[in-house]
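What follows is a short report on a single structure.
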Amino acid sequence: MARHFQCSVCGKCCYGQLPLTCKDAFANVSRFPLCFLWTPLRQGSKDYAMVATLGTTIKLPDRKELAVLIVPTAYIPSSFPCPALSGDNLCSIHLNKPSRCKTMPFYPYREERYQSELLTPRQGWACDTTTEAPVVFQDNKIVFRDDFDHERRDLLEQVPVLRRYADYMLKYTHSLVSSLIIASSKAKAGHVITSLSSFLTATRNADAKHIAQQQLPILNNYVAKTAGDTQLNDFYKNYLNWSKEMAYLAQRSQ
């Protein structure tokens, strides 16, 4: 069955957290407050094979495994707009916006045959799915696929560095496995959050100091934005802790 879709420029999808490729994360390090979001899936989940391919797998004590996505993420409260969203609901960086924004509503972390499930707008979104909109999905295939394929290639390309990061974190953060097990047991996908600074340290990023200098004012800005709001306390605490880590990296000599 053919599925129709067209963006109506309502701006509703430009709020909250934004998954990124590593390329897009570092290209926007002076714009987005960044972290890494770990999302575990148990064996038997329909997206398990794709997650294992694009992420990593972790062996558990009971001889089972978790597949885990490790995603660079713009860590923004759901009530906050993307910092690139202009007052007229248009993207101020449209020509250079992240792949995730170009590929919407499709999601290359999922098998292509399941992509039609993503064409139902969320509550409050004004996406056009009438027959007046272009056909974007037919015969279990995405019709206009250049952006989807580009993002999928970037995701595959970054797998080695993310697995190196995972190995480091699993070795030195002893509570990580238990946290992922707990997250995997939640009815709705649970997450574990780690900092950008841990990634820079684990991968021995040669530009860590420069990246930290660009990221620090962004984190400080979001510290100020979330201070005093009890509903955003977790965001505030994370921004505050990460800003301290970035301040250290920003001052550290090479």
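Laboratory data are not the source of any read-out in this text; all were calculated from the coordinates shown. None of the values given here were measured: they were computed from a predicted structure. Positions of Cβ are generated from backbone atoms using ideal geometry, with glycine treated the same way; all protein chains shown enter the neighbour counts.
Put +1 on the Cβ of each Lys and Arg and -1 on the Cβ of each Asp and Glu in the range 121-183; which of TRP125, VAL159, TYR172 then has its Cα farthest toward the positive end of the dipole?
Of the options given, the answer is TYR172.
Of the options HIS94, PHE148, TRP38, report the single residue whose Cα projects farthest towards the positive end of the charge dipole of the range 3-204 (beta-carbon charges: Lys, Arg +1; Asp, Glu -1).
Of the listed residues, the answer is TRP38.
As an exercise, use a Förster radius of 22 Å and the Cβ-Cβ distance of ASN96 and ASP154 to find the FRET efficiency, rounded to the nearest 0.05.
It comes out at approximately 0.90.
Excluding the sites themselves, what is the longest stretch of the chain that contains no trypsin sites (Lys or Arg not before Pro) in a DSSP loop with at most 13 other C-beta atoms within 10 Å?
Working: sites that count: LYS46, ARG63, LYS64, ARG122, LYS186, LYS188, ARG204, ARG252.
It runs 123-185.
Quick one: net charge around PHE235, please, counting Lys, Arg +1 and Asp, Glu -1 for every other residue with C-beta under 14 Å from its C-beta. Don't skip to the end; give the middle numbers.
Numbers: positive: LYS225, LYS237; negative: ASP229, ASP234.
Once all neighbours under 14 Å are counted, the net charge is 0.
Need one word for the range 97-254: rounded, prolate or oblate. Basis is the Cα gyration tensor (sqrt eigenvalues a ≥ b ≥ c); a/c below 1.5 gives rounded, then a/b vs b/c decides. Provide the component values of the computation, followed by the final result.
On the way: a/c = 1.85, a/b = 1.66, b/c = 1.12.
Prolate, since a/c reaches 1.5 and a/b exceeds b/c.
What's the longest piece of the chain with no exposed GluC sites (Glu not before Pro), counting a site as exposed if DSSP puts it in a loop and it has at most 13 other beta carbons within 10 Å?
On the way: sites that count: GLU111, GLU132.
The segment 133-254 is the longest one with no such site.
VAL29: net charge of surrounding residues, Cβ under 13 Å, Lys/Arg +1, Asp/Glu -1, itself excluded? Intermediate results must be reported in sequence, preceding the final value.
Details: positive: LYS23, ARG31, LYS209; negative: ASP24, ASP207.
Charge balance in the 13 Å sphere: +1.
Can you compute the modelled spin-label distance between GLN214 and ASP234, with each label point 7 Å from Cα toward Cβ, in nm?
Distance between label points: 2.9 nm.
Assuming a strict under-17 Å limit between Cα atoms, what lysine pair count do you get for the range 3-204 once near-sequence pairs (fewer than 8 apart, same chain) are dropped? Please report the intermediate quantities before stating the final value.
Numbers: LYS12/LYS97; LYS12/LYS102; LYS23/LYS97; LYS23/LYS102; LYS46/LYS64; LYS46/LYS186; LYS46/LYS188; LYS59/LYS171.
Final tally of qualifying lysine pairs is 8.
Among ALA208, ILE58, CYS22, whose Cα projects farthest towards the positive end of the dipole of the chain, with charges put on the beta-carbon of Lys, Arg (+1) and Asp, Glu (-1)?
The residue sitting most towards the positive pole is ILE58.
If amide hydrogens are placed 1.01 Å from N in the peptide plane, which non-local residues have theirs closer than 5 Å to the one on PHE137?
Excluding prolines and chain starts, which carry no amide H, the hits are ARG3, VAL143.
Can you compute the charge dipole magnitude of the chain about its Cα centre, using +1 on each Lys and Arg Cβ and -1 on each Asp and Glu Cβ, nothing else charged? Give it in debye, rounded to the nearest 20.
Working: 30 positive and 22 negative charges, 142 e Å.
Here the size comes out at about 680 debye.
Quote to one decimal, in nm, the extra length available between ALA227 and THR203 on full extension: 0.36 nm per residue of separation minus the C-alpha distance between them. Present the calculation step by step, with values, prior to reporting the outcome.
Values: separation 24, 0.36 × 24 = 8.64 nm, distance 3.15 nm.
Length difference between fully extended and current span is 5.5 nm.
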